[in-house]
Structures are given as structure tokens and as C-alpha cells.
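Participant: Below is the structure I would like to discuss, written out as C-alpha cells.
Any read-out appearing in this document is the output of simple, stated calculations on the displayed coordinates, not a laboratory observation. Remember, predicted model here, so these are calculated numbers, not experimental data. Every residue, glycine among them, receives a Cβ derived from its backbone with ideal geometry; neighbour counts consider all protein chains shown.
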Amino acid sequence: MKIEVEGQDILVNEISYGDHLELTGTYRDVYKSVFEKKIKIPSNRDFMKLLRHTSEIAFDDIPKQFQNKYDKSKHEIILVHIMMEYLGLSASAKKEDGG
């Protein structure tokens, strides 16, 4: 699967149905207070765990395929884009769904 992030094409693994369910649950846990309208910002630690989960789905060999290939300052941006694509929350995913 190819995802474009800031003009750069990034190849990531397709997400399985089981991984999608698990990632969705993790996402909802991290953002639970936001969904409940309590508007509490998630902790950095919880957010980084969410990105770690995303990276484990997206890449087979994280150190070689991701950390060494992409600029370290862009890691979080890339992983957020991948996560949003996987969850169907990205602009391109919404266009495909007719949203």
C-alpha cells in the first residue's frame, strides 16, 4: 500500500481486519476523553504507544525500513498519516468512501 506524506510516497503493509480492530480500539482508548467531550489531551506516552502500534503494523523491519530510511524529524508526521489512513480518517480515505 502506498501513502503519500508531504510529497513522498511511502510503502506500508496493508492492514488486516484484526489489526484494524485493535488499532481502532487503541485509538479510542487514547482519545476516550475527547470522545466523551471532556477534552483532555492524551499523554505523550499514550500517543507514542499508539504510533508504535501503527509502525508495527506498517513496517516489517522497523529499524531498517523506517528509522534509517526517513528523516528522524519526520517520523511522527509519517506515522500519524499512516494511522489516519489505516483508520479511514485521512482526507484520501474519506474521498474513497464518498465523504
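Participant: What is the order of VAL80, VAL12, fewest Cβ neighbours within 10 Å to most?
Facilitator: Listed from fewest to most nearby Cβ atoms, that is VAL80, VAL12.
Participant: Filter the cross-link list LYS2/LYS74; LYS2/LYS32; LYS2/LYS49 down to pairs whose alpha-carbon distance in this structure exceeds 19 Å.
Facilitator: Over 19 Å apart, Cα to Cα: LYS2/LYS32; LYS2/LYS49.
Participant: Ranked by Cβ crowding within 10 angstrom, fewest neighbours first, how are PHE59, PHE35, PHE47 ordered?
Facilitator: Numbers: PHE59 20, PHE35 9, PHE47 15.
In increasing order of surrounding Cβ atoms, one gets PHE35, PHE47, PHE59.
Participant: On a 0 to 90 degree scale, rounded to 10, what angle separates helix 44-58 from the longest Cα axis of the chain?
Facilitator: 50 degrees
Participant: Please give the residues of the stretch 18-32, grouped as numeric ranges, whose backbone N is less than 20 Å from a label point set 7 Å along the Cα-to-Cβ vector of PHE47.
Facilitator: Residues 23-32 fall inside that zone.
Participant: If amide H atoms are built 1.01 Å from N in the plane of the peptide, which residues on other chains or at least 5 residues away come under 5 Å of the amide H of VAL5?
Facilitator: ILE10
Participant: Moving on to the next point. Each residue of the stretch 27-36 in order: what ³J(HN,Hα) in whole Hz does its phi give by Karplus 6.51 cos²θ - 1.76 cosθ + 1.60, θ = phi - 60°, with x for Gly and Pro?
Facilitator: 4, 5, 4, 5, 9, 3, 5, 5, 5, 8
Participant: What number, rounded to the nearest 500 deg cm²/dmol, is the helix-based mean residue ellipticity at 222 nm of the chain, given -39500 (n - 2.57) per DSSP H run of at least four residues and division by all its residues? The partial results should precede the final answer.
Facilitator: Numbers: 5 runs with 52 residues, N = 99.
When only DSSP H runs of four or more count, the value is -15500 deg cm²/dmol.
Participant: Compute the distribution of all C-alpha to C-alpha distances in the chain, in bins of 10 Å from 0, and list the percent of pairs in each, rounded to whole numbers.
Facilitator: Binned Cα distances yield the sequence 15, 47, 33, 6.
Participant: Now, a different point. Provide the per-residue ³J(HN,Hα) series for the stretch 3-17, in order, calculated from phi with Karplus coefficients 6.51, -1.76, 1.60 and θ = phi - 60°, each as a whole number of Hz, with x at glycine and proline positions.
Facilitator: Once θ is set to phi - 60°, the couplings for the stretch 3-17 become 10, 9, 10, 6, x, 10, 7, 10, 8, 10, 5, 5, 9, 7, 4 Hz.
Participant: Have a look at SER16, ILE39, LEU87 and report the one farthest towards the positive end of the charge dipole of the chain, computed about the Cα centre with Cβ charges (Lys/Arg +1, Asp/Glu -1).
Facilitator: Result: ILE39.
Participant: Based only on other Cβ atoms within 10 Å, what is the fewest-to-most ordering of ILE82, ILE77, ILE10?
Facilitator: The fewest-first ordering by Cβ neighbours comes to ILE77, ILE10, ILE82.
Participant: Compute the distance in nm between two label points, each set 7 Å from the Cα along the Cα-to-Cβ direction, one at GLU22 and one at ILE77.
Facilitator: 2.9 nm
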